[in-house]
Each structure stands twice: as structure tokens, then as C-alpha cells.
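Before any comments, here is the structure.
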Amino acid sequence: MTELRCRKTETLEGDKEENEQPDELQTTPGVNTEDEGNVARGEADDKQLKDEGGKEGEAQHKEEGSNKNEPSVKRSKSSSTSGFLQRLVRVFFGCLAAVACGMLYAGYLSAYHDRKYWFSTRQDLEREITFQGGSGLYYYYYKHMLTASSFERGFYELTIDNKTVSGQTINAVERLSLYPELITSFIYRVTDSQDFVEPIYFYIGAVFGLQAVYVTALFVCSWVMSGTWVAGMLAVAWYVINRPDTTKVDHAIPLRDNWALPYFSCQVAALTGFLSNNISSATEMFCYLTMSATTFTFLLVWEHSHYVLFIQGLCLFLLDSFDLVPPRKMADIHKVYLSSLFLAYLFQFQNPTLLSSPLLSLLIGSVLARYFQQKMKKGPLVARVMKLFLHFHLVFTTGITFSYLVKKLIPVSESDFILKFLEVKFGLNTTTDFVTNFLLCQESFQTPGQDLFLRLTQASVLPFYLLVLSVCLLSTLQTIYRRLSGQPMKTNLKLEDGRIGEQPEVIYHVFHTLLFGGLALLFDGMKYLWTPYVCMFTAFGVCSPDIWMTVFKWLKLRSIHPVVLSLILSTAVPTIIGFSLWREYCPRVLAELSDLQEFYDPDTVELVSWIRTQAPAAAVFAGSPQLLGTVKLCSGSAVTSLPLYSDINLLRRTEDTYQVYAMRSAEDIYKILTSQKTNYVIVEESICNELSHNKGCKIKDLLDISNGHVVYDKGEIYSFSKHGRFCHEIKMNYSPYTNYFTRVFWNRSYHVYKVNSVISFQY
């Protein structure tokens with residue numbers, strides 16, 4: 001009884017225990033009848049003491065509790081407020097640094113462009129000629145939209161364009177993906193910018209502004225993954241230093257990829273945030289909407305974008321197959337892809353290429369396979385591996401079947417050609433076809449040289465990239481093994497866990513950089529899709545304490561606290577790298593801005609001036625695609641072909657035009673040119689007397705192989721034909737060449753011949 005009474009006077013928890021004690025006494029067997037009265041009296045005494053002591057205890061407990069809770073509540077409120085303010089300050093300065101990096105990069109591009117081409121001191125014709133590689137063709141349509149009587153009228157004229165390719169009426173908006181020019185010209189019109197800025201400055205300013213968005217998105221992506229905006233600054237620094245391998249904006253501003261890749265960068269940044277586990281629902285919705293808008297825009301402005309998204313889709317397919325991302329998020333990503341493809345299909349005038357795209361085939365296969373294999377991610381290790389192989393087989397078989405049926409129902413001319421091109425590229429077949437060999441000789445489709453990796457190594461990005469990729473890849477493989485073994489993934493990872501490979505956004509970027517890196521080893525042009533993310537991924541790795549902690553977990557470091565050491569290294573290493581980059585490359589960047597370069601092509605200026613003043617407005621010109629892009633831009637004359645290498649029909653017309661450099665008779669060339677309604681043909685000295693270090697890639701050699709004008713002797717190729725090379729023979733001014741053609745203009749680089757409408761036989 002004494003023990004019970006003493007326990008009555010304890011705190012509130014003691015009271016709860018006492019409430020249970022009498023019940024135990026009542027239900028306890030073996031209590032003597034003699035003691036029942038004592039027990040009853042004891043219960044009455046206890047009840048009285050409980051009423052008195054309990055009230056006093058409760059009052060005392062409430063008073064003490066209130067006194068104790070008040071400072072703890074104040075401390076929690078103050079700590080939460082201070083934590084929120086700290087996060088807000090970090091986000092503010094991080095966003096400020098990201099925007100500043102983007103604006104500085106845009107300003108740097110503008111200053112460098114002006115110094116390189118003396119752009120501000122040139123006349124309009126000389127400015128337009130600086131758009132190299134045939135990219136000036138796109139700027140022509142921007143000018144056309146501004147000179148049209150209204151935006152609607154200009155748009156209508158582009159959809160039924162019969163003034164660009166001779167003898168053809170094309171939908172230029174669909175064929176050339178002209179939505180960037182349409183949107184830019186519309187903004188220029190509605191904002192009355194003609195009162196403040198010239199059209200050409202507005203155009204290149206829009207491109208440079210998108211490049212600022214590009215590096216800002218890379219900054220944000222590295223920041224989101226590492227948790228520090230120092231990684232973003234390091235990513236931008238590496239991107240600028242390796243500019244020759246990260247962008248083509250220096251020499252060909254209007255190219256489609258210069259418009260499209262900034263949107264892809266934003267899409268990747270939004271996807272990175274969307275895959276992250278530690279985000280709020282509002283942030284997830286923002287990332288989802290951003291990803292939807294940028295995916296659709298990316299598909300709209302570049303004809304090759306669906307191939308890039310197919311590679312990205314493969315990365316996400318692997319994430320889903322290994323059960324590394326929630327099914328709900330994968331379903332949302334599939335919705336983004338399908339809706340973007342549908343809208344792009346409509347906006348591109350029912351483009352059949354999108355229906356037969358590998359991206360759509362992959363999506364169809366994935367959706368059907370997930371429906372039929374709902375229990376794929378269950379079972380022991382061996383069973384799941386077998387189900388996984390069956391899943392891969394089902395997805396790709398379904399996708400290939402769907403693509404085959406679509407191509408049978410809606411013939412796509414490029415599909416068979418792409419397969420033939422890949423066969424020759426990988427050495428599975430050989431061909432004498434001019435178009436295939438011509439594309440294989442383009443720099444973008446050739447294997448990159450050692451110079452690329454040497455430049456990346458000198459900038460210190462490649463060694464650190466290999467280290468970061470190795471750690472992340474090994475940790476990812478560990479995570480895949482654990483998931484296949486049935487172990488769950490931790491959603492709330494802590495630094496001391498040391499599991500960088502369990503973060504879905506990191507796993508995605510491991511697959512992303514591996515697939516795009518593999519393609520970059522095969523095609524030099526893919527480096528512009530791989531190198532920027534090498535810079536971003538490497539910056540994330542050296543600035544992330546999670547990577548260092550993962551390594552220390554593997555090494556079982558005990559002498560020094562691994563968490564403290566990882567935090568120190570994630571700050572010290574990027575600081576040392578940044579200082580060394582600033583010391584070595586900052587003077588070089590400033591020297592580029594102070595160095596006055598000179599780009600001047602007087603022969604091309606003279607040619608275009610002659611076309612403007614002497615040639616009829618309705619004249620049709622034949623020549624190389626790159627030159628015809630400049631002719632179309634500066635004179636508006638119709639041409640026989642365009643510098644568009646994704647259109648097989650235009651490539652065939654290009655092959656016909658290039659026959660002027662083959663060993664063909666004057667009559668054959670005349671028939672080819674008149675079939676294209678050509679009035680003037682431009683013969684270029686640089687092609688006729690081409691000296692190429694790449695064996696077998698001269699235009700003359702490709703034409704001789706295609707026409708069967710070669711003889712093979714002991715591994716060497718010799719050209720042989722009963723006719724001389726046309727571009728050489730026509731300069732001799734003798735019959736029968738003078739019967740079909742009349743020279744009307746020439747300088748050191750170009751010879752222009754008029755195609756005679758009436759043949760005069762002179763001997």
C-alpha cells in the first residue's frame with residue numbers, strides 16, 4: 001500500500017501507470033477473502049489520495065510543463081525561422097549567380113562575335129555572309145517574315161513556297177523547322193523593336209540569349225544534384241573553356257541546334273529535379289510543367305530532336321526496368337513524351353517522321369510491356385533477372401513491329417536510307433552511293449580525333465570526369481544489385497549513408513553520359529550533346545560531399561571522421577580547381593576579346609553583288625549547297641538545292657548539281673541542269689581543285705566512285721573516263737562546252753556560266 005501511495009504523487013505519466021495498477025489488482029487471481037476488505041479500504045484511501053494528490057500533481061505538472069515548453073517552443077520557432085532564412089538566402093544568391101553567369105556568357109559571345117567578324121562596322125551584305133556553312137538560309141526566312149505585309153501573310157507564303165527550290169513548291173516551315181524565325185519575327189513586330197534595334201542584331205541577340213539560358217540550365221542542374229551553387233559556377237567555367245567542343249554558335253549562329261539545345265538543357269534540368277526524392281509537391285509540379293513545355297519546344301524547333309529524346313528515353317527505360325524510380329513518375333514522363341509528340345505532329349503539319357520515330361516506338365513498347373508484366377519487379381534474384389531479359393525482348397520486339405507497321409502504312413523515304421547509312425558506318429556493308437559516302441565524309445559523322453580528348457584533358461575536366469563517373473557507376477551497380485535482390489531503396493538518404501548511387505537523378509545522369517558518350521566516340525557531331533553534360537556532371541561530382549562519403553564508406557575510413565572530411569574535400573577540391581582555371585584560362589578569354597580578328601571574303605561579296613545587279617530576279621542558280629544558302633540569303637534567287645542534310649530528296653538534287661565536278665560530257669551536264677530549270681551554274685575553284693587530307697572524301701573522288709569512273713590497282717584508286725573533268729574542261733572555252741554554256745562572271749574563287757536556252761553549235 002505504501003508503494004501504491006508513493007506512486008500516486010508522481011507526474012502525469014505516473015498517474016497513467018496507477019490507473020492501470022488497480023485493474024491489475026482486481027483481475028489478479030489468488031487474493032484471500034480476508035484481505036478483500038483491506039484491499040477495498042486501501043482502494044478508498046488510494047482514491048482519496050489520488051483525488052487530492054492528483055489534482056496537486058496535475059497543477060504542478062502543468063505549471064512546470066508550461067515553464068519548460070515555453071523556451072523549447074521559442075527555440076524551435078526561432079531555429080525553423082533561421083533555417084528557412086538561411087535556405088532562402090542560399091537560393092537567392094544561387095539564382096543570382098546562375099543569372100549572372102548566363103548574362104556574362106551572352107555578353108562574352110556578343111563581344112567575341114563582333115571582334116571576330118568586325119560585325120558592327122560591316123555593311124548588311126557582308127554581315128549576312130558571315131553566316132557560314134549554309135546557315136544563312138534560315139536568316140533569309142526571318143527577313144522574309146519582316147518584309148511581308150503582315151505576319152499571317154508571311155506565314156502563308158512560307159507554307160506554299162515556290163521561290164526557293166526550283167520546280168518545287170515546298171512547305172518551308174515543315175521542311176526547314178522555321179518556328180524559331182517565325183517566333184522571333186513575331187516578337188520583333190509586336191514589340192516595335194524596329195525603332196530601337198536592327199533586325200539582324202535582334203536575331204543574333206535572341207540566339208545569344210538562348211545560349212545564356214543554356215549555361216544557366218547547366219548551372220541549375222549541377223546545383224540541384226550537388227546542393228551547392230559552387231558546382232554550377234564550375235560547370236559554366238568548364239563549358240566556356242571548352243567552347244569549341246560544346247557549341248557551334250561561334251561560326252553558324254542560325255543553325256537549328258543552336259536554337260534547340262538550350263531547350264533540351266532546360267528539359268534535362270527539370271527532369272533532374274523531377275526525379276529527385278527530396279522535393280516538395282509544388283516543386284515537383286513546377287518541374288513537370290517545365291519539362292512538358294521544353295520537351296514540346298525542343299521537338300518543334302529541330303528535326304533531329306526525336307532522336308536525342310530517344311536516347312534519353314532509353315536512359316529512363318533502364319531506370320524503370322531496374323526499379324530505380326517510382327512507377328508514378330515514369331507514367332508522368334511517358335505522358336510528357338506522348339503529349340509532346342502529338343502536339344509536335346500537329347504543329348509540323350502531320351509530319352510522318354514523328355510517327356515512325358524510334359522514340360514513339362520505344363514508348364509504345366514500354367507501355368504494352370508494363371501492362372503485360374505487372375509482376376515483373378517481384379520475386380527472387382534469378383527470377384527477376386529472367387523477367388528483365390523477357391521485358392527487354394518484349395519492349396524492343398513490340399517497338400520494332402510498331403515502327404515496321406507505321407512505315408508500311410505511311411512510307412517514310414528516310415527510314416531505309418538511315419539503315420543503309422548505319423550499315424556502311426559500322427563496316428557491315430560497302431556502297432558506291434554518292435549520298436551515303438558524302439554524308440560519311442561530313443565532319444559531324446566522322447570519328448572524333450585525339451584532339452578532342454587532349455583539349456578536355458588540358459582543361460582538367462576529363463580526368464575528374466572519369467573519376468566521378470567511376471564512383472557513381474560502381475555505386476549505381478550496387479544499387480541495381482540490391483534492387484534485383486528485393487531490397488528497398490532509401491528515399492531519405494543522409495550524408496553518412498554514403499550511397500550516391502541510390503539517388504535517381506544521379507543514376508539517370510550516369511546512363512545519360514554513358515549513352516551520349518558512346519555516340520560521341522562514333523560521331524564527332526555528338527560531342528555537342530555530350531561535352532556540356534560532361535562539364536556539368538564533373539562539376540557536380542567534385543562539389544558533392546555524397547561522392548566523397550561513398551568513397552570513404554568503401555575504404556572504411558576510421559582515422560578521421562568521414563563526414564567532416566567529405567565536407568572539407570567537397571569545398572577544398574573545387575576551390576583549388578577553380579583557382580587554377582582562373583589563373584590559366586582567364587587571361588586567354590580576355591585575350592580573345594581584345595584580339596582583333598578579320599573575316600572578309602571579297603570574292604563571295606563580289607559574286608553576290610553581281611547576282612544582285614546583273615542576274616534576272618527569276619533566275620535559278622546551281623552550285624554547292626553551302627554557297628546556294630548564301631546566294632538565297634543575299635539575293636533571294638531560286639536555287640536547285642539547299643544545305644539540308646536530313647532530306648534525302650534534296651541530297652539527290654545536290655548529287656545532280658555536283659556532277660559539274662565529275663568526268664561527264666557537256667551534253668550530260670546540260671541535260672541535268674535543264675531538268676532542274678537552271679539558268680546559271682556556279683563552279684567553285686575550291687571544289688574543282690580540292691586538296692583533302694581525308695582520303696577518298698573529295699567531291700571529285702566520291703563522284704568518280706558513284707559514276708564508275710575509277711580503276712583499282714594495288715590498293716590505289718585512279719580516275720578514268722573518256723571525258724575530261726567538266727569543271728576543268730569548261731574553262732578552256734572550246735566546243736562543245738561553249739555550245740551549251742556561256743561564261744558571264746569569274747574571279748579567283750568562282751566561275752559563273754549561263755545555261756544557254758538555245759544551243760549554238762560552234763566548232
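The values are calculated or read from the model by the stated rules, or taken from the named source; none is laboratory data. Only a predicted model underlies this, so the values are computations on that prediction, with no experimental measurement involved. For neighbour counting, all protein chains shown are included, and Cβ atoms are generated from backbone atoms with ideal geometry for every residue, glycine included. Ligands, DNA and RNA are excluded from the accessible area calculation, which covers all protein heavy atoms including side chains. Shrake-Rupley method; radii C 1.70, N 1.55, O 1.52, S 1.80 Å.
Rounded, prolate or oblate: which one fits the stretch 287-402, using the alpha carbon gyration tensor with axes a ≥ b ≥ c (rounded when a/c is under 1.5, else prolate when a/b beats b/c, else oblate)?
Note, shape of the stretch 287-402 comes out prolate.
Report, to two decimal places, the Cα Rg of the stretch 571-713 normalised by 2.2 N^0.38 Å (N = number of residues).
This ratio for the stretch 571-713 stands at 1.54.
Would you work out which of ALA100, SER222, THR654 lies farthest towards the positive end of the dipole of the chain? Charges go on Cβ: Lys and Arg +1, Asp and Glu -1.
It is THR654.
Can you run phi through the Karplus equation (6.51, -1.76, 1.60; θ = phi - 60°) for the stretch 373-385 and list ³J(HN,Hα) in whole Hz, with x for Gly and Pro?
Result, rounded to whole Hz: 10, 6, 10, 5, 9, 10, x, x, 4, 5, 5, 5, 5.
How much length is gained if the chain between PHE426 and LEU495 is pulled fully straight, taking 0.36 nm per residue apart and subtracting their Cα-Cα distance, in nm to one decimal?
Contour length minus Cα-Cα distance gives 20.4 nm.
If I fit a long axis through the Cα atoms of helix 256-275 and take the longest principal axis of the Cα atoms of the chain, what angle between them do I get, 0 to 90°, rounded to 10?
10
Regarding the stretch 638-763, what are the three Cα extents along the principal axes, ordered largest first, in Å?
For the stretch 638-763, the Cα extents along the three principal axes come out at 45, 37, 27 Å.
If I histogram all Cα-Cα distances within the stretch 205-327 using bins 5 Å wide from 0, what percent of pairs lands in each bin?
2, 11, 17, 22, 21, 16, 8, 3, 1
What translational diffusion coefficient, to the nearest whole µm²/s, does the stretch 405-501 have by Stokes-Einstein, given a Kirkwood radius computed over alpha-carbon pairs, a temperature of 37 °C and 0.692 mPa s viscosity?
Diffusion coefficient, whole number: 177 µm²/s.
Quickly rank 545-552, 124-131, 419-426 as a protection proxy: mean count of other C-beta atoms within 10 Å, highest first.
In descending order of packing, they fall as 545-552, 124-131, 419-426.
Note down the net charge around GLU690, summing +1 for each Lys or Arg and -1 for each Asp or Glu among other residues with Cβ under 14 Å from its Cβ.
Its environment carries a net charge of 0.
Grab the alpha carbons of the stretch 323-470, take their convex hull, and tell me the volume per residue in Å³.
207
Over the alpha-carbon set of the stretch 529-640, work out the extent along each principal axis and list the three values in angstrom, largest first.
The Cα atoms of the stretch 529-640 stretch 84, 33, 15 Å along the principal axes, largest first.
What size of dipole, in debye to the nearest 20, comes out for the stretch 456-537 about its Cα centre when the only charges are +1 on Lys and Arg C-beta atoms and -1 on Asp and Glu C-beta atoms?
180
Using per-residue counts of other Cβ atoms within 10 Å, averaged over each peptide, order 228-239, 573-584, 301-312 from highest down.
Packing order, densest peptide first, comes out as 228-239, 301-312, 573-584.
Could you run the Karplus curve 6.51 cos²θ - 1.76 cosθ + 1.60 with θ = phi - 60° over the stretch 312-319 and give me ³J(HN,Hα) per residue in whole Hz, x for Gly and Pro?
Karplus-based 3J(HN,Hα) across the stretch 312-319 equals 5, x, 5, 4, 5, 4, 5, 4 Hz.
For LYS407 paired with PHE347, estimate the spin-label separation in nm (one decimal), with each label point 7 Å from Cα along the Cα-to-Cβ line.
Distance between label points: 2.8 nm.
Angle between the Cα long axis of helix 545-555 and the longest principal axis of the chain, 0 to 90 degrees, nearest 10?
Once rounded, the angle reads 70 degrees.
Separation between the LEU419 and THR575 pseudo-spin-labels, each 7 Å from Cα along Cα→Cβ, expressed in nm?
5.9
Mind checking the angle between helix 625-635 and the chain's longest principal axis? C-alpha axes, 0 to 90 degrees, to the nearest 10.
Helix 625-635 sits at roughly 80 degrees to that axis.
If you project the alpha carbons of the stretch 150-217 onto their three principal axes, what span does each projection cover, largest first, in Å?
Projected onto its principal axes, the Cα set of the stretch 150-217 covers 43, 30, 17 Å.
Rounded to the nearest 500, what is the chain's calculated 222 nm mean residue ellipticity when only DSSP H runs of at least 4 contribute -39500 (n - 2.57) each, over all residues?
The per-residue figure over the chain is -22500 deg cm²/dmol.
D for the stretch 498-541, whole µm²/s, Stokes-Einstein with Kirkwood Rh over alpha-carbon pairs at 20 °C and 1.002 mPa s: what number?
Approximately 196 µm²/s, per Stokes-Einstein.
Got a sec? Charge dipole of the chain, +1 on Cβ for Lys and Arg, -1 for Asp and Glu; which of ILE717, LEU514, THR191 is way out at the positive end?
ILE717
Looking at the chain only, what percent of DSSP beta bridges run antiparallel? Nearest 5 please.
75
Please tell me the relative contact order of the stretch 468-615 in percent, rounded to the nearest whole number, where contacts are Cα pairs under 8 Å and at least six residues apart.
Result for the stretch 468-615 is 23 percent.
Of the listed values (1) -0.60; (2) -0.50; (3) -0.37, identify the label whose number matches log10 I(q)/I(0) by the Debye sum over Cα atoms at q = 0.06 Å⁻¹ calculated from this model.
(2)
With a 1.4 Å probe and all protein chains left in place, how much of the accessible area of the chain comes from carbon and sulfur atoms, in whole percent?
Heavy-atom surface of the chain belonging to carbon and sulfur, 1.4 Å probe: 60 percent.
I need the peptides 676-686, 489-499, 467-477, 515-525 ranked by packing, meaning the mean over residues of other C-beta atoms within 10 angstrom, with the highest value on top.
Top to bottom by mean Cβ count within 10 Å: 676-686, 467-477, 515-525, 489-499.
Within the stretch 295-320, what residues put their amide N at less than 19 Å from the label point 7 Å along the Cα-to-Cβ vector of PHE396?
Answer for the stretch 295-320: 307-320.
If you look at just the Cα atoms of the stretch 210-251, how large are its Rg and its Dmax in Å?
Expressed in Å, the Cα Rg and Dmax of the stretch 210-251 come to 10.6, 35.
Please report, in debye to the nearest 20, how large the charge dipole of the chain is about its Cα centre when each Lys and Arg carries +1 at its beta carbon and each Asp and Glu carries -1 there.
With Lys and Arg at +1 and Asp and Glu at -1, about 2140 debye.
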